[in-house]
1. By counting other Cβ atoms within 10 Å of each Cβ, how are A:H75, B:H29 ranked from fewest to most?
2. Please report the spacing between the Cα centers of region A:1-44 and region B:19-69 in Å, no decimals.
3. Of the residues B:W22, B:W34, B:W98, which exhibits the maximal mean-square fluctuation in a Gaussian network model of chain B defined by a 10 Å Cα contact cut-off?
4. Other chains' Cβ within 10 Å of A:100-108 residues: what's the mean?
5. Hey, rough spin-label estimate for B:E103 and A:Q77, points 7 angstrom out along Cα→Cβ, what's it come to in nanometres?
6. Take each of the peptides B:88-97, A:26-35, average the number of other beta-carbon atoms within 10 Å over its residues, and list them starting from the highest.
7. Starting from the Cα gyration tensor of chain B, multiply each eigenvalue by 5, take the square root, and state the resulting semi-axes largest first in whole Å.
8. Using R₀ = 35 Å, calculate the FRET efficiency as 1/(1 + (r/R₀)^6) where r is the Cβ-Cβ separation of A:L41 and B:D51; round to 0.05.
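Since every read-out is calculated from the coordinates, none of them should be taken as a lab result. The shown structure was predicted, so the numbers you read here are calculated from the model rather than taken from an experiment. With ideal geometry, Cβ positions are generated from the backbone for all residues, glycine too; neighbour counts draw on all protein chains shown.
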Amino acid sequence: GDSVTQTEGLVTLTEGLPVMLNCTYQTIYSNAFLFWYVHYLNESPWLLLRSSTDNKRTEHQGFHATLHKSSSSFHLQKSSAQLSDSALYYCASPTSGGNYKPTFGKGTSLVVHP
Amino acid sequence: EAGVTQSPRYAVLQEGQAVSFWCDPISGHDTLYWYQQPRDQGPQLLVYFRDEAVIDNSQLPSDRFSAVRPKGTNSTLKIQSAKQGDTATYLCASSRTWGGSYEQYFGPGTRLTVL
């Protein structure tokens, strides 16, 4: 079945350094698209980014990601980490197909320190 | 526009007890999802509905878990006889299928502890 694999566990960064969280996926569907959700402590997860067409960059709140079908990837990036970026990040695919069954990665905990 | 609401926010049970979780999705959202999120893991889909119909419940432990959405709006997830392994946060989310967004809006979750 479809699957999503992302950088697992804890990523610790110093404020101001670049952020890159990896996400790769497997699907049999050619028109799959992906999401990045962010989950701050004591809040509900919410959508950070949604993929666009192949090789097109999407941006929101300083984060960006580009869907690369050739490498089945949708890595999350930011040029300069902020303390407020500390959160859990989930890569997810709705499984392009008739029923759009969502699949989430296991999550990456990003901690940004001064 | 009100967000997804869930209740209760917390539940503590002994093994063997039953519990029900309730979810009210965003008005107009036809699709509703229930996830189980064990500590330090990503959300794992249990079941999802489009309107009142179950689309996929293949990951729902059918011997003890059940979920309904009788009028295509609110939904209830029930655990008949809880086990310690059910300890997790249960998230409800909703989305609107038409328009092709598939963006999910999550509720605050119910944190279940089974002793």
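1. Fewest-to-most Cβ neighbours within 10 Å comes out as B:H29, A:H75.
2. Taking the Cα centre of each part, region A:1-44 and region B:19-69 sit 22 Å apart.
3. Looking only at B:W22, B:W34, B:W98, the largest GNM fluctuation is found for B:W98.
4. Per-residue shielding by partner chains comes out at 6.
5. Result for the modelled spin labels: 2.4 nm.
6. The packing order, highest mean first, is B:88-97, A:26-35.
7. They are 24, 14, 13 Å, listed from largest to smallest.
8. 0.55
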